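Written below as structure tokens is the structure these notes are about.
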Amino acid sequence: MGVFNLKRRRFELQSESQNGDLTSIALMKRGKKVACGSSEGTIYLFNWNGFGATSDRFAVKAESIDCMVPVTENVLCTGSIDGVIRAVNILPNRVIGSVGQHLGEPIEQLAKSHTGQLLASCGHDQKVKFWDISSLSSIVVDDYRKRKKGGQLKALSRKAFGGGDDFFADLREEIEAPKEEEKEKEKEDSDSDESDSD
């Protein structure tokens, strides 16, 4: 990572070489930490006043971290080449779970709404998807030792692992539910009419 001073228009310093390319960056911990995603699926952490060497590194089980956006001071969302959007806690370092995904398509960019309630993602599938991230602001990760080694990624919403292709799917489910109830009532009414005629 290189540091360039815009006021003085000069190159200040360069960090030690990393194994992969640094592909994304986010400020965390009230501006005291800089998180960098890499092409090898690792998040490198730098102290704000110490860009020369990494203060910590954290391997996320992803092929590559192509984009990231901070959600809170401790939690950020990463988009990767495998199409999964992961919520990651920084210090203690832990993958919290999956926010959503573009099925099998790399994610190009993430953006958080100004209210912090929604996350927008776009991928190679030429779709823009919206994800509810309101629950991430209340997540607290306090014990590093409780993290699970291996295992499947936890789904943070019903749409986290597919089935969420349609942004309006919830709305359709709400509309269809009353229709099913009406059909059941009609069936009960017709059954009661038949029993009355006997």
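The values are calculated or read from the model by the stated rules, or taken from the named source; none is laboratory data. These figures come from a predicted structure and were not determined experimentally. Glycine gets a Cβ as well: all are built from the backbone with ideal geometry, and neighbour counts include every protein chain shown.
The table that follows gives values for the structure above.
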item	result
Residue in region 57-80 that is within 23 Å of Phe130 (Cα to Cα), among the hydroxyl-bearing types (Ser, Thr, Tyr) and in contact with a Lys or Arg (Cβ under 8 Å, 6 or more places away or on another chain) present	yes
Pairs, first within 18 Å of Gln18 (Cβ to Cβ) and without any contact (Cβ under 8 Å) to a residue 60 or more places away in the chain in region 48-77, second of a type in the set (Phe, Trp, Tyr) and buried (at least 19 other Cβ atoms within 10 Å of the Cβ), C-beta under 7 Å, six or more apart	Thr54/Tyr44; Thr54/Phe46; Ser55/Phe46; Arg57/Tyr44
Restricting region 57-76 to residues that are touching a Leu at 6+ places or on another chain (Cβ under 6 Å) and in a strand (DSSP E or B), the residue that is nearest to Ser138 (Cα to Cα)	Val75
Region 78-89 residues that are crowded, with 24+ Cβ neighbours inside 10 Å, paired with ones that are of a type in the set (Lys, Arg) (beta carbon under 7 Å, 6 or more apart)	Thr78/Arg86
Filtered residue count, region 78-97, keeping only those that are in a strand (DSSP E or B) and either within 21 Å of Asp142 (Cβ to Cβ) or among the aromatic types (Phe, Trp, Tyr) (or both)	8
Qualifying residue in region 58-71 (condition: over 25 Å from Gly104 (Cα atoms) and surrounded by fewer than 18 Cβ atoms within 10 Å (Cβ to Cβ))	no
Members of region 95-116 found to be of a type in the set (S, T, N, Q) and either buried (at least 18 other Cβ atoms within 10 Å of the Cβ) or modelled with pLDDT under 95 (or both), listed by number	Ser98, Gln101, Thr115
Hits in region 91-139 - residues which are free of Cβ contacts under 8 Å to residues at least 24 places away in the same chain and in contact with a strand residue (DSSP E or B) (Cβ under 6 Å, 6 or more places away or on another chain)	Glu105, Leu118, Ala120, Cys122, Val128
Leading residue by the ranking (surrounded by the fewest Cβ atoms within 10 Å (Cβ to Cβ)) among those in region 15-56 that are in a strand (DSSP E or B) and polar (S, T, N, Q)	Asn47
